[in-house]
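*Asks:* Pasting in a structure now, in structure tokens, and then I'll have a few things to ask.
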Amino acid sequence: MALPAVLLVFGALPFGESLRARPSAHRILAGVSAVVVGVLLAALDDPIWSSGIRGPADFGLAAGAVLALAVWQWPPWLSVAAGALVGAVPGR
């Protein structure tokens, strides 16, 4: 699944220095970055938000996991393990 992206990166490596010198390449990469952010937000909305966040408790759990990663600098495995433990509590 990631093979086309890997081949594209390795194919562009020899031209890296000449691409960095071109302003048009910077504009193209800025557009590609915006598209990637849009695709990630769409993926967050449809399969994750619509099926995973069913109420305030789920939202609080997700917000706590984001805080643990972004603010408190927890390792991802610890944030996932803590979220799984809190999510497994019956009656929450």
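Here, each number is a calculation from the coordinates, and none is a lab measurement. None of the values given here were measured: they were computed from a predicted structure. In this analysis, Cβ positions are derived from the backbone assuming ideal geometry, glycine residues included, and neighbour counts consider all displayed protein chains.
*Asks:* How far is helix 76-87 tilted, in degrees, relative to the longest principal axis of the Cα atoms in the chain, given as a value from 0 to 90 rounded to the nearest 10?
*Replies:* 30 degrees
*Asks:* Could you state the orientation-averaged shadow area of the convex hull built on the Cα atoms of the chain, in nm² to one decimal?
*Replies:* The orientation-averaged projected area of the Cα hull of the chain comes to 8.9 nm².
*Asks:* For residue 74, which sequence-distant residues (separation of 5 or more, or a different chain) have an amide H within less than 5 Å of its own amide H, given hydrogens modelled in the peptide plane?
*Replies:* For residue 74, whose amide H was placed from the backbone, the distant partners under 5 Å are 69.
*Asks:* Describe numerically, in nm with one decimal, the distance between label points set 7 Å from Cα along Cα→Cβ at residue 77 and at residue 62.
*Replies:* 2.6 nm
*Asks:* Helix 3-12 versus the longest principal axis of the chain: what is the Cα-based angle in degrees, 0 to 90, to the nearest 10?
*Replies:* 40 degrees
*Asks:* How many angstrom separate the Cα center of region 8-33 from the Cα center of region 47-61?
*Replies:* So the separation of the two Cα centres works out to 38 Å.
*Asks:* What number comes out for the charge environment of residue 29, summing +1 per Lys or Arg and -1 per Asp or Glu over other residues with Cβ under 14 Å away?
*Replies:* Working: positive: 20, 22, 27; negative: none.
Neighbourhood net charge equals +3.
*Asks:* Extending each Cα 7 Å along its Cβ direction at residue 9 and residue 35, get the distance between those two points in nm, one decimal.
*Replies:* For residue 9 paired with residue 35, the spin-label model returns 1.8 nm.
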